[in-house]
Amino acid sequence: MDVNEKLAIIESILFAGGDPIEPEKLAQAAGVDESEAAELLEKLAEKYSGESSGIELLKLNGAYQLAAKKKYSQYIKNALEIKKNTALSSAALEVLTVVAYNQPVTKSFIEHVRGVDSSGTVNSLVEKKLLTEAGRLDLPGRPIAYRTTDAFLRAFQISSLEELPELPERKAQITIDEVMENQENNVNAPGSE
C-alpha cells in the first residue's frame, strides 16, 4: 500500500467517523503503526491548511476530527438552513468557566460558586452539547457530575483544557470587602461630596 492510499484511508475514516478519533484507533483501523499514523495526520493537516481547502483537521484532547473551516460557516448555515447561533449569555459563560476549571462538578457546586440557581443554564448547555454528564458522585442522592465536551473545545477554538488561561493567584484577586472599603474611604475623604 503506498502513502497516498494510506492518506486516503485515514481521511475516509475521519470523514465517516464525524466525531474525534484517537490516533491509536486510526492506526489500528488503517493497518499502520502509530508513528506512521502520526506522520499521515501531519500530512493531512498540511493538505488542509491551504487556502484552497474548506476543511481543516482539528486536534481535540489528543483525538482528530475533520471539520469545515470556521470562515465558511455562514455558507454552510445558508445551505443547510441552520438558524443563526445565538451568543452565550453571561450566566452560560460563568457556568462554563466554573465547569472547565473544576470538572467534573455538580449543579450544587456550580450554584455555590455562582451564588444563584444554575439548573436552567446547565440544562441549556447540555442541550447545546457544550456540557455532558460525567457520571454520578458517590455522595448522598448520587448527584450528577458535569464536564465540558469536545464541542466546547471547538467553540472556544482550543485543542485541550491545558490551553485555558491560568487563573489569577488568590492574593491577586480583589474581594468585595476591599471594594466596599475603598468606596467608603473615597466618600469620607476630605473634599469629596
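The values are calculated or read from the model by the stated rules, or taken from the named source; none is laboratory data. Every value quoted in this text rests on a predicted model; they were computed, and no experiment measured them. Cβ: placed from backbone, ideal geometry, glycine included. Neighbour counts: every protein chain shown.
On the stretch given as the stretch 33-77, residues that are in a helix (DSSP H, G or I) and either within 21 Å of Lys6 (Cα to Cα) or among the acidic types (Asp, Glu) (or both) total 16.
Looking for whichever is polar (S, T, N, Q), at pLDDT 90 or above and at negative phi here; the options are Ser73, Ser12, Ser52. Which one fits? The match here is Ser12. Just to be sure before I move on: is Ala67 among the small types (Gly, Ala, Ser) and closer than 24 Å to Thr149 by Cα in the structure I sent? When the stated conditions are applied, Ala67 passes them.
Tallying residues that are surrounded by fewer than 11 Cβ atoms within 10 Å (Cβ to Cβ), part of a helix (DSSP H, G or I) and of a type outside the set (A, V, I, L, M, F, W, C) within the stretch 1-32 yields 2. Pairing residues of the stretch 97-113 that are of a type in the set (Lys, Arg) with residues that are in a helix (DSSP H, G or I) and surrounded by fewer than 17 Cβ atoms within 10 Å (Cβ to Cβ), at Cβ distances under 6 Å and at least 6 apart in sequence or on separate chains, gives Lys107/Ser119. Has the stretch 96-103 got any residue that is assigned by TED's automatic domain parsing to the domain that holds Ala145 and more than 17 Å from the chain's Cα centre (by Cα)? No; the residues of the stretch 96-103 include none that is assigned by TED's automatic domain parsing to the domain that holds Ala145 and more than 17 Å from the chain's Cα centre (by Cα). Could you tell me whether the stretch 142-150 includes any residue that is part of a strand (DSSP E or B), modelled with pLDDT of 85 or more, touching a strand residue (DSSP E or B) at 6+ places or on another chain (Cβ under 6 Å) and among the small types (Gly, Ala, Ser)? Checked against the condition, which is being part of a strand (DSSP E or B), modelled with pLDDT of 85 or more, touching a strand residue (DSSP E or B) at 6+ places or on another chain (Cβ under 6 Å) and among the small types (Gly, Ala, Ser), the stretch 142-150 yields at least one hit.
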